[in-house]
1. Which condition from (1) within 13 Å of ligand 1 (Cβ to nearest atom); (2) more than 25 Å from Ala51 (Cβ to Cβ) is the one that Ser194 breaks?
2. Given the options Glu101, Glu123, name the one that is under 21 Å from Ser38 (Cα atoms) and surrounded by fewer than 19 Cβ atoms within 10 Å (Cβ to Cβ).
3. Which of (1) touching a Ser or Thr at 6+ places or on another chain (Cβ under 7 Å); (2) closer than 30 Å to Asp141 by Cα does Ala163 not meet, given it meets every other one?
4. Give the residue that is modelled with the lowest pLDDT, with candidates limited to residues of segment 147-185 that are within 13 Å of ligand 1 (Cβ to nearest atom), outside any strand (DSSP E or B) and crowded, with 18+ Cβ neighbours inside 10 Å.
5. Take Asp142 and tell me if it is within 16 Å of ligand 3 (Cβ to nearest atom), at positive phi and free of Cβ contacts under 8 Å to residues at least 12 places away in the same chain.
Amino acid sequence: MVKHRYYTCVYVLLVVAAMTLSHTPAPSSVITGYLGASGSGLGIVTFGSVATPSPADDDVAGSSANTIVVTEKRFDSLGAIWVEFSVSDDGIGTSEFQVTETVTNNSGTDWIGYQVMVGFGTESGWVHSPIGDDLDFDMPDDNSPRDFDVFSTLAYSENTIDAVGGIILAGDSHTFTYAIDVPNGITTFSIRTSPREMPIPVEQRTWGKIKALYR
Ligand SMILES: [Ca+2]
Ligand SMILES: [Ca+2]
Ligand SMILES: [Ca+2]
């Protein structure tokens, strides 16, 4: 009888422990904070939010619940803009983020392309992320939204996206989205974005000349 009560007691303790663990929130793998914007293209960057409700979800298909929102990124010239983030490493895996940014062309000239790169540092201290360090544009899973609105053709690899095949007229705004994997073992990362200029003056444009830019 004593032995029976002992086993019953152990069983109850195990059940209570399991219930307690199941209600303990998982520790965040990667928490990002926004550190600011810089670069020669900078007009205004209005940062929206960053959230990591689903840490260590690297191979998620579709949009991750983790989000980075840039409400407005306004280019006042054709230079690059960096946005930088801090990372907290709790060691339980890479987290994927769905980035959404609304970009405004205030450079005074039309664009025929837009490039996004992921890496470290900003401006003269910028280092492009290498292949295989797990900081990348959802590679190798490649199963989450990547949409550059007016740009119909995307050339992308682990660390660079080139969006072409469309025109963003001077003064227009468009919203882009793409996924980034943020690994353990880093303390910051940055996103470098830059527009590509339409090299043909308005008065000389024909559809033949514009199409030739994409060959
Ligand atoms: Ca990389
Ligand atoms: Ca991924
Ligand atoms: Ca994914």
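1. (1)
2. Unique residue meeting the criteria: Glu123.
3. Of the numbered conditions (1) touching a Ser or Thr at 6+ places or on another chain (Cβ under 7 Å); (2) closer than 30 Å to Asp141 by Cα, the odd one out for Ala163 is (1).
4. Pro183
5. In short, yes.
The values are calculated or read from the model by the stated rules, or taken from the named source; none is laboratory data. All values reported here derive from a predicted model rather than from experimental measurement. Positions of Cβ are generated from backbone atoms using ideal geometry, with glycine treated the same way; all protein chains shown enter the neighbour counts.
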